[in-house]
Amino acid sequence: MKTKTRSLTLMAILIAVMLLMGYVPNLGFIMIGPISITLMCIPVIIATLVLGLKTGLMMGLLFAVISISKIFVMPDAFSAIVVDDFGKYGVLYMLCLLIPRVLIPVTTWGMGKAMKTKKEYVNLAVASLTGSLTNTAVYLILVSLTLTPLICTFYSVDAAGAVAVIWGIVLTNGLPEAVFATLICPAIARALKKSVPPIMTARQKEIA
């Protein structure tokens, strides 16, 4: 019972952290010069590594819900264009936000299971890197497949320019985010796993 309580408490804390990062301006981002590093995927990765795939999926879905809701309640310049022409771009953009967020725990958990090295930190680091890259890569692939005309309009570029914009985002945002997640998530996950190991083991066996 104590272990279950610890697990539920940890999940509640991660949810609270996710909500704060999502809705408190600039809290979910680290600015290093012109580079913006999002921290939103970190609670999802940690939840997956510590509490298992089911909890990770719930956190990934929460990440998606926050991202989608911010289109309407806290829109940035790009989201504002989507809202202005919601009938044309709205559903596509929501899918671009939903699918990558839900896939973060899937690839994190899958890589964590696939890693067989004797060094736990290495296994956790590779799983964290995979989850972060999944969010960036899948999002940008979906956007390039469905919203290239919108990117061209927003950045005043042609199709080739849109590709350059996407690669620029990968290099200036995606890679730093992946590095940051790889450094932060394993350390936090290792510390938290010690407090809820029975629950984690039971969930892993259940999923397997």
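The values are calculated or read from the model by the stated rules, or taken from the named source; none is laboratory data. The model shown is predicted, which means the values in this text are computed figures rather than measured ones. Here the Cβ positions follow ideal geometry from the backbone for every residue, glycine too, while neighbour counts run over all protein chains shown. With ligands, DNA and RNA removed, areas are computed over all heavy atoms of the protein, side chains included. Shrake-Rupley method; radii C 1.70, N 1.55, O 1.52, S 1.80 Å.
Condition check: part of a helix (DSSP H, G or I), among the polar types (S, T, N, Q), within 16 Å of the chain's Cα centre (by Cα) and at pLDDT below 95. Does T130 satisfy that? Judged against the criteria, T130 is not a match. Which of the residues spanning the range 75-97 are open to solvent by less than 60 Å² (accessible area, probe 1.4 Å) and touching a helix residue (DSSP H, G or I) at 6+ places or on another chain (Cβ under 7 Å)? Within the range 75-97, F78, S79, I81, V82, V83, Y89, G90, Y93, M94, C96, L97 qualify. If you check L142, L171 for being loosely packed, with under 15 Cβ neighbours inside 10 Å and not charged (D, E, K, R), only one passes: L171.
Test G87 against the criterion of being touching a residue at least 24 places away in the same chain (Cβ under 8 Å), more than 21 Å from T38 (Cβ to Cβ) and part of a helix (DSSP H, G or I), and give yes or no.
When the stated conditions are applied, G87 does not pass them.
Taken as a whole, the structure places V163 among residues that are surrounded by fewer than 19 Cβ atoms within 10 Å (Cβ to Cβ) and in a helix (DSSP H, G or I). Exactly one residue among F72, F63 is assigned to a helix (DSSP H, G or I), loosely packed, with under 14 Cβ neighbours inside 10 Å and either at pLDDT 95 or above or not polar (S, T, N, Q) (or both), and that residue is F72. Among residues of the range 117-128 that are within 14 Å of I104 (Cα to Cα) and polar (S, T, N, Q), those with a beta-carbon under 8 Å from a residue that is open to solvent by less than 50 Å² (accessible area, probe 1.4 Å) and in a helix (DSSP H, G or I) at least six positions away or on a different chain give the pairs S128/I45; S128/L49; S128/T108; S128/A181; S128/T182; S128/C185; S128/P186; S128/A189.
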